[in-house]
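Down below is the structure, laid out as structure tokens.
The values are calculated or read from the model by the stated rules, or taken from the named source; none is laboratory data. Computed from a prediction, not measured in an experiment: that's the story for all the values here. In this analysis, Cβ positions are derived from the backbone assuming ideal geometry, glycine residues included, and neighbour counts consider all displayed protein chains. Remember, those area values only see protein heavy atoms, side chains included, never the ligands or the DNA or RNA. Shrake-Rupley method; radii C 1.70, N 1.55, O 1.52, S 1.80 Å.
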Amino acid sequence: MEIKVRCYTSPLKRGWGLMLRKPKPVLLVGVNSVHGFFMLEPIWAVFLGYDMKVIDVVLLRPWRRHKEPEARHVLELPAGEKPPKKGEFVRVVCL
């Protein structure tokens with residue numbers, strides 16, 4: 001599966017993420033946890049390993065958080081999109 005996203009690598013952008021914004025596809029590089037604080041809508045949090053293999057997929061509702069210790073990246077997708085399945089490899093194209 002190929003997904004075109006914005007890639008956030010700096011700590012400030014990763015921390016801000018999609019807070020108070022309309023959900024759009026975003027890749028948080030180098031993190032293994034996400035939060036839904038100040039989120040307007042639920043999002044899919046797709047936890048990825050080094051090889052971009054999906055480790056876990058969670059529907060993250062506002063004001064919740066989730067951590068996946070084995071993950072190395074997190075792909076955030078709007079709740080209306082179909083997320084990749086667990087065990088599937090994802091090809092990410094950064095915009």
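Data for the structure
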read-out	value
Complete set of residues in the range 73-84 that are crowded, with 17+ Cβ neighbours inside 10 Å, farther than 12 Å from ASN32 by Cβ and under 11 Å from the mean Cα position of the chain (by Cα)	LEU75, GLU76, LEU77, PRO83
Hits in the range 73-95 - residues which are among the β-branched types (Val, Ile, Thr) and assigned to a loop (DSSP other than H, G, I, E, B)	VAL90
Top-ranked residue of the range 45-72 - restricted to ones that are acidic (Asp, Glu) and outside any strand (DSSP E or B), ranked as surrounded by the most Cβ atoms within 10 Å (Cβ to Cβ)	GLU68
Identity of the residue in the range 34-44, open to solvent by 30 Å² or more (accessible area, probe 1.4 Å) and in contact with a Phe, Trp or Tyr (Cβ under 9 Å, 6 or more places away or on another chain), that ends up nearest to GLU88 (Cα to Cα)	HIS35
Test: residue in the range 85-95 that is crowded, with 16+ Cβ neighbours inside 10 Å and farther than 15 Å from VAL29 by Cβ	no
